[in-house]
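Below is one structure, written out as structure tokens; comments come after it.
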Amino acid sequence: MIKLYGVLAAAVLLTACGGPERREAASLCKALSQKQADLTAVNNLEKDLMGSLRPWCDGIVNNGGGKGKELEQNAESAKTMAFSASEVANQLGHLRQAIYDLPLHQEYPQSVRSGLINQMMQRQKKLQEVRLALEASSAGFLDLARSSAYKGDTYPPAIDKLNSLTSGYVMPEDALAKAIGDLKVKYTLKDVDLAGRT
């Protein structure tokens, strides 16, 4: 009887860790691996944007919005960075949609996908906040340029919002690499398991 229980337990374990769920996990792992280079490129764009934005904000907060040509240059810089933030958010959106569209039916692969989608949505939300603040800053610099009362020592209010967004910014972890690693560990996936799957 004890031997029979042992056989049944082994069968249950094999069913949980193999079969359709393991095949789906392997397919998900391969699909995510194929997207990894794209996410790395997006991560680098986001890192470059936020890395440029922080010192730009600091300079304006410390020295004011500038005068004459400086105001125009700051307005143009804000406009350019707003476009960059929009592009990064859009690329994240394309990746998120591609992951969302993967045909998954098993609970754990679905939970991995949900975690990735949620992280990307949070990043998109943050980037949209940055974009909106940059667009407001660009318009604000142009308003200051037209103001006869402006003395050069203040700046558009949206700069404070940008400063807040960038001061606590931490580059997100490589969520795809973590998901791939978790799948490989949970299902003991090897290269041979990933070959030939879509």
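Structure above, values below:
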{"quantity": "Normalised contact order of the chain, rounded percent, pairs of Cα under 8 Å and 6 or more residues apart", "calculated": "37 percent"}
{"quantity": "Helix 19-63 vs. the chain, principal-axis angle (Cα, 0 to 90°, nearest 10)", "calculated": "20 degrees"}
{"quantity": "Between 0 and 90°, nearest 10: helix 2-17 axis offset from the chain longest Cα axis", "calculated": "30 degrees"}
{"quantity": "Length released on extending from GLU87 to GLU72, taking residue separation times 0.36 nm less the Cα-Cα span", "calculated": "3.1 nm"}
{"quantity": "Cα pair distances exceeding 22 angstrom across the range 2-194, given as percent", "calculated": "58 percent"}
{"quantity": "Average projection area in nm² (convex hull over Cα atoms of the range 78-190, one quarter of hull surface)", "calculated": "8.8 nm²"}
{"quantity": "Most to least packed among 50-57, 37-44, 144-151 [average Cβ atoms within 10 Å]", "calculated": "50-57, 37-44, 144-151"}
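Only the coordinates and a few stated rules stand behind these numbers; no lab work does. From a predicted model like this one, the values you see are computed outputs, not experimental measurements. As a convention, Cβ positions derive from the backbone with ideal geometry for all residues, glycine included, and neighbour counts pool all protein chains shown.
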